[in-house]
Amino acid sequence: MSARIGRLRGLCLRHSSWFVVQQHDQPALEQRQFRLAVKDNIATVSPNSEEETPLTTTCGSNFLANYRSPFEATIVTQLRSRGALLVGKTNLDEFGMGSHSVHTAFGPVAQEGEHEQQAVKHSAGGSSGGSAVAVATGEADLALGTDTGGSVRLPAAYTGVVGFKPSYGMLSRYGVVPYANSLDTVGLLAKEVRPIAELILGGADKVTRGLWAEHDPLDPTSLSHGARRRCASQRDCYTGPLPKDPYPLKNLKFGLPLEYNITELSPSIRHSWSAAAAKLQSLGARLVPVSLPSTRHALSAYYVIAPAEASSNLAKYDGIRYGTRFTPPTESDAAVSKGPEGQEEEEEGILYARARTAGFGDEVKRRILLGAYTLSSAAMDNYFLKAQKVRRLVRRDFNRVFALPNPLLDKPERFELSELPETVGLEDKWGPTEVDFLLCPTAPTTAPRLDEVLSEEEKDPVSAYMNDVFTVPASLAGLPAISVPMRVEDKEGAGMAGLQLIGQYWDDARLLAVAETVA
Ligand code: GLN
């Protein structure tokens, strides 16, 4: 196989719709091998053999534009041992922060289409937009992404592929550049559920071990073997491998969360959502409306917690010990320093400021400022601590509606009236509903046009946060969720959106099996 690694900047040269940071020649595949694209915030060493030039891991940032990791992420090694051949590193929103893959040092990701014989570019979603496009265009059989608040599910929905976010702590994050540690997960994208399910659950041949069973001692958040066993045995639920025949939906109960039926939901998506529910009913499933009252606060809580963790994570990029060093201080900078005492720190400070000004893009700077503010002593109680409280309520809402108990809890949670945020009234339904899965759209709209996204970002940079409204609740609760393609018809014609299924913690196996039937 050729060792050429083409470095592509701006719009991709070879395939205008497939947008990658680095692209490798397409390999010839042997049996059981598959082509893998890897989001560029996941560390890789050489593409497919040690003689080849090591790949960079840029995180879509100027700061790491030349960074070559000395080690490989565990997930990449695990996939290589299961037959993966690396075909490229994919573009993303810088450090995973964004919903349209436009905040990147390498130029926006786009999916190309046609409307009334005109070429139109649409958003590929973010932040794993490059991975989604690599799969949608068939250049990769499987792609790795990261999902902190929806970054695998949203691009999957916009590009019409499958995107799976596992339970928090299931897949190793060793070698994945952190964005918000308490939320970060590694996710998988493919055209169908089956290849993802086979990797997670293990092949029907029982030769290949499912990734769900693999603890990684190098990742402190990776669930221990003991905890994995306890989680799997606490319920008499199915843990794989993926059955050959469609998983029966008879006797399964799906909840339709009332709070997801928001005014911003596009009518065509609402229509396809109810059509999907009707289809499940025809396959023998039961459908019930459920209430998750804290959902309405989840998005705000997420955009407090994630930037707070990001601001702390990104503090290490100083351009001195970590990240690219940008231009040394000039003489005039030196003149600012206040004499021999402290001069060194002063110069370091200038270097630090220069590096961070040049190294980070605007969205990352915005998150750092937001995070540093909400963690400051003056704002901590009102923002960060309140957001943590909302996060607990979001988790509790999910635990209340699922029939399976959350295996991480020793005893059922108690409902305390005093802990409710003021805006949640008693008119909200609080009875036990006991569903197997939740069924809802992945995003309120189909993929918006890229030109509209870019002009909206200029006017109101936080408007894009709204796209994550249906994906962040499962992230805050650490639950497994999957987006499968859902056809929609609107005035622009037929398009693709995502149908999201959310399961109880560690119910990933059943979620994947059911998603296969639903997709
Ligand atoms: N769009 C969300 C954010 O910008 C989610 C990103 C992600 O999941 N990496 O934080």
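The values are calculated or read from the model by the stated rules, or taken from the named source; none is laboratory data. Please read these numbers as outputs of a predicted model, since none were measured by experiment. Note that we place each Cβ from the backbone using ideal geometry, even for glycine, and neighbour counts take in every protein chain shown.
A count restricted to the range 167-181 and to residues that are under 17 Å from Ser224 (Cα atoms) and either among the polar types (S, T, N, Q) or within 11 Å of the ligand (Cβ to nearest atom) (or both) stands at 2. Taking every residue in the range 145-159 that is assigned by TED's automatic domain parsing to the domain that holds Ala134 and pairing it with any residue that is within 6 Å of the ligand (Cβ to nearest atom) and part of a helix (DSSP H, G or I), at least 6 positions away or on another chain, the pairs with Cβ-Cβ distances below 8 Å are Thr146/Gly96; Thr148/Gly96; Thr148/Ala306; Gly149/Ala306; Gly149/Asp468; Gly150/Asp468; Ser151/Gly96; Leu154/Asp468.
Among the conditions (1) within 16 Å of the ligand (Cβ to nearest atom); (2) surrounded by fewer than 24 Cβ atoms within 10 Å (Cβ to Cβ); (3) among the acidic types (Asp, Glu), Asp184 misses just one, which is (2). The listed residues are Ala190, Ala197, Ala227, and the only one of them that is of a type in the set (A, V, I, L, M, F, W, C), assigned by TED's automatic domain parsing to the domain that holds Tyr505 and surrounded by fewer than 18 Cβ atoms within 10 Å (Cβ to Cβ) turns out to be Ala227. Condition first: among the aliphatic types (A, V, I, L, M), within 16 Å of the ligand (Cβ to nearest atom) and either farther than 19 Å from Thr148 by Cα or touching a residue at least 24 places away in the same chain (Cβ under 8 Å) (or both). Can you find one or more residues in the range 289-298 that meet it? Yes, the range 289-298 contains at least one residue that is among the aliphatic types (A, V, I, L, M), within 16 Å of the ligand (Cβ to nearest atom) and either farther than 19 Å from Thr148 by Cα or touching a residue at least 24 places away in the same chain (Cβ under 8 Å) (or both). Could you grab me the full set of residues in the range 92-124 that are on the phi > 0 side of the Ramachandran plot and within 16 Å of the ligand (Cβ to nearest atom)? The answer is Phe95, Gly96, Gly98, Ser101. Residue selection: Gly202 satisfies the criterion of being crowded, with 17+ Cβ neighbours inside 10 Å, assigned by TED's automatic domain parsing to the domain that holds Asp508, more than 14 Å from the ligand (Cβ to nearest atom) and modelled with pLDDT under 95. Return yes when Leu501 is touching a Cys at 6+ places or on another chain (Cβ under 9 Å), at pLDDT 95 or above and under 23 Å from Tyr302 (Cα atoms) and no when it is not. Criteria met by Leu501. Given the residues Thr53, Thr58, which is the only one that is away from the ligand (no atom under 16 Å from the Cβ), of a type in the set (Ser, Thr, Tyr) and more than 22 Å from Arg209 (Cβ to Cβ)? Result: Thr53 is the single residue among Thr53, Thr58 that is away from the ligand (no atom under 16 Å from the Cβ), of a type in the set (Ser, Thr, Tyr) and more than 22 Å from Arg209 (Cβ to Cβ). Once the range 445-465 is narrowed to residues that are within 21 Å of Gly160 (Cβ to Cβ) and under 17 Å from the mean Cα position of the chain (by Cα), the residue that is nearest to the ligand (Cβ to nearest atom) is Ala464.
With respect to Leu476, is the statement that it is buried (at least 23 other Cβ atoms within 10 Å of the Cβ), within 13 Å of the ligand (Cβ to nearest atom), at pLDDT 95 or above and not in a loop (DSSP other than H, G, I, E, B) true? When the stated conditions are applied, Leu476 passes them.
Kindly check whether there is at least one residue in the range 72-90 that is touching an Asp or Glu at 6+ places or on another chain (Cβ under 8 Å) and within 14 Å of the ligand (Cβ to nearest atom). Yes, because at least one residue in the range 72-90 is touching an Asp or Glu at 6+ places or on another chain (Cβ under 8 Å) and within 14 Å of the ligand (Cβ to nearest atom).
Does Ala143 fit the bill of being surrounded by fewer than 19 Cβ atoms within 10 Å (Cβ to Cβ) and either within 16 Å of the ligand (Cβ to nearest atom) or over 24 Å from Asp40 (Cα atoms) (or both)? The answer is no for Ala143.
Residues in the range 370-395 that are surrounded by fewer than 19 Cβ atoms within 10 Å (Cβ to Cβ), over 22 Å from the mean Cα position of the chain (by Cα) and not aromatic (Phe, Trp, Tyr): Ala372, Leu375, Ser376, Ser377, Ala378, Ala379, Met380, Asp381, Asn382, Leu385, Lys386, Lys389.
Being at pLDDT 95 or above, assigned to a loop (DSSP other than H, G, I, E, B) and in contact with a strand residue (DSSP E or B) (Cβ under 6 Å, 6 or more places away or on another chain) is true for just one of Leu92, Leu36. Which residue is that? First the steps, then the outcome.
Values: Leu36 fails: assigned to a loop (DSSP other than H, G, I, E, B).
The conditions single out Leu92.
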